[in-house]
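Novice: Following this message is one structure expressed as structure tokens.
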Amino acid sequence: MLIKQRPSWVLPESEVTPKSIYLNRRKFMTGAIGAAASLTVPGLLHANDASSGLKALDYRSATEYSTDEKKTPLDDVTAYNNFYEFGTGKGDPAKYAGEMSVDPWSVEVEGECERPGRYALEDLLKPHDYEERIYRLRCVEAWSMVIPWVGVPLADVIKQLQPNSRAKYVYFETLHDPKQMRGQRSLFSTVEWPYREGLRMDEAMNELAFLAVGLYGETLPNQNGAPIRLVVPWKYGFKSIKSIVRIRFAEEQPKTSWEMLAPNEYGFYANVNPEVDHPRWSQKQERRLPSGILRPNWIETTKFNGYEEQVAHLYKGMDLAKYY
Ligand code: MTE
């Protein structure tokens with residue numbers, strides 16, 4: 001039996017669970033002795049929110065990579081999500097992602113590299129300092145947010161794992177555990193689990209590609225992909241895979257989840273592009289959250305989500321209508 005652990009901001013004050021109880025639940029859920037200790041990511045400051053289990057992170061502001069657009073409020077960032085492992089409704093991840101235990105966590109590294117193996121999350125992150133980067137996130141469904149992520153450049157982690165010359169792509173996989181992820185138990189699910197994503201090596205090494213472990217200064221809420229997720233701000237949001245348990249360096253272009261599901265609608269590249277419409281809707285505009293019926297807040301979508309200067313060279317000579 002899994003016990004639901006909801007973040008504090010969806011609970012009225014009276015229902016907030018004391019930390020000791022929360023930790024016991026966590027221990028009970030994982031069944032692992034010692035797993036109840038705080039999430040042991042480096043740079044952790046202190047448990048500043050006893051009820052939610054989120055921890056404050058120690059980071060520097062990477063303003064050179066950050067937009068000064070208005071940030072989407074935390075409530076929207078954490079209540080309006082896509083995380084099909086917990087259901088297809090926008091509110092499902094906030095409701096049910098607490099059923100996933102994220103501590104301890106490890107990442108399997110395999111394929112064309114010198115440092116394969118199973119890494120405890122804290123070992124993977126130990127060599128790196130955290131940065132805060134305020135990025136735009138543009139979903140293929142034509143809504144967008146501005147999110148202050150905390151994490152490390154993907155390139156730094158890749159260098160640490162030492163890919164060899166045969167490594168042309170990096171592949172990522174999300175946790176597959178139907179016991180903890182109710183969307184994976186669903187008979188109506190169309191996704192072939194686990195959720196998979198990938199990048200070409202030069203895309204992965206681009207300075208903007210980021211591995212996030214937090215947002216708004218604290219560790220990631222489960223619904224946003226705790227404890228570690230990819231953020232690729234110039235691509236549609238589905239490339240930014242959550243709750244990563246596997247990284248593989250490959251010679252061949254990997255199959256990715258949305259491409260497997262509907263190859264005529266979702267491609268491997270998935271660069272944000274207002275000039276190439278989705279077969280069923282326009283990509284020229286996006287609804288910037290928060291938005292409502294009376295104030296839909298439509299704005300123009302920009303090529304590569306406004307990161308053209310940093311990434312356009314990666315696609316020189318490529319027909320982006322063909323490689324969508
Ligand atoms: N990763 C996994 N494992 N499962 C998912 O369903 N959805 C993707 C992406 N990563 C998804 C995922 C989509 S479609 C988007 S738009 C972003 O996560 C949303 O991230 P957010 O909920 O943190 O805003």
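Novice: Taking R288 as meeting all but one of (1) within 16 Å of the ligand (Cβ to nearest atom); (2) closer than 28 Å to E192 by Cβ; (3) in contact (Cβ under 8 Å) with a residue 40 or more places away in the chain, write down the number of the exception.
Specialist: Only one criterion in (1) within 16 Å of the ligand (Cβ to nearest atom); (2) closer than 28 Å to E192 by Cβ; (3) in contact (Cβ under 8 Å) with a residue 40 or more places away in the chain is unmet by R288, namely (2).
Novice: Can you name every residue in the stretch 266-303 that is among the β-branched types (V, I, T) and either surrounded by fewer than 17 Cβ atoms within 10 Å (Cβ to Cβ) or over 24 Å from the mean Cα position of the chain (by Cα) (or both)?
Specialist: Passing the criteria: V276, I293, I299, T302.
Novice: Considering only residues that are in contact (Cβ under 8 Å) with a residue 24 or more places away in the chain and among the aromatic types (F, W, Y), which ones fall in the stretch 71-129?
Specialist: Correct list: Y80, F83, Y84, F86, Y96, W105.
Novice: I'd like to verify a number: residues in the stretch 220-248 that are basic (K, R), in contact with a Ser or Thr (Cβ under 9 Å, 6 or more places away or on another chain) and in contact (Cβ under 8 Å) with a residue 40 or more places away in the chain, how many?
Specialist: 3
Novice: Same structure again: Out of the residues in the stretch 139-182 meeting the condition of being small (G, A, S) and crowded, with 21+ Cβ neighbours inside 10 Å, tell me which one is nearest to S257 (Cα to Cα).
Specialist: S144
Novice: Do the conditions hold for E192, that is, is it out of contact with any Phe, Trp or Tyr (no Cβ under 7 Å at 6 or more places or on another chain) and closer than 16 Å to F83 by Cα?
Specialist: So E192 fits the description; yes.
Novice: Within the stretch 161-169, identify whether any single residue is of a type in the set (F, W, Y) and within 15 Å of the ligand (Cβ to nearest atom), and answer yes or no.
Specialist: So far as the stretch 161-169 goes, no, none of its residues is of a type in the set (F, W, Y) and within 15 Å of the ligand (Cβ to nearest atom).
Novice: Kindly indicate which of W281, W298 is without any contact (Cβ under 8 Å) to a residue 24 or more places away in the chain and within 14 Å of R138 (Cβ to Cβ).
Specialist: Only one candidate passes the filter, namely W298.
Novice: Can I ask one more? Looking for whichever is crowded, with 20+ Cβ neighbours inside 10 Å and in contact (Cβ under 8 Å) with a residue 60 or more places away in the chain here; the options are A212, A204. Which one fits?
Specialist: Matching residue, one of A212, A204: A212.
Novice: Same structure, new question: Would you check which residues across the stretch 212-261 are more than 12 Å from the ligand (Cβ to nearest atom) and under 24 Å from T302 (Cα atoms) and list them?
Specialist: W234, E259
Novice: Take the residues in the stretch 145-175 that are out of contact with any Leu (no Cβ under 7 Å at 6 or more places or on another chain) and of a type in the set (A, V, I, L, M); name whichever of them is farthest from V107 (Cα to Cα).
Specialist: V146
Novice: Can you give me the number of residues within the stretch 170-195 that are farther than 25 Å from E122 by Cβ and within 16 Å of the ligand (Cβ to nearest atom)?
Specialist: So the answer is 12.
Every number in this text was worked out from the coordinates using simple rules, so none of it is lab data. Since this is a predicted model, take the numbers as computed values, not measurements. FYI the Cβ positions are ideal-geometry reconstructions off the backbone, even for glycines, and counts take in every protein chain you see.
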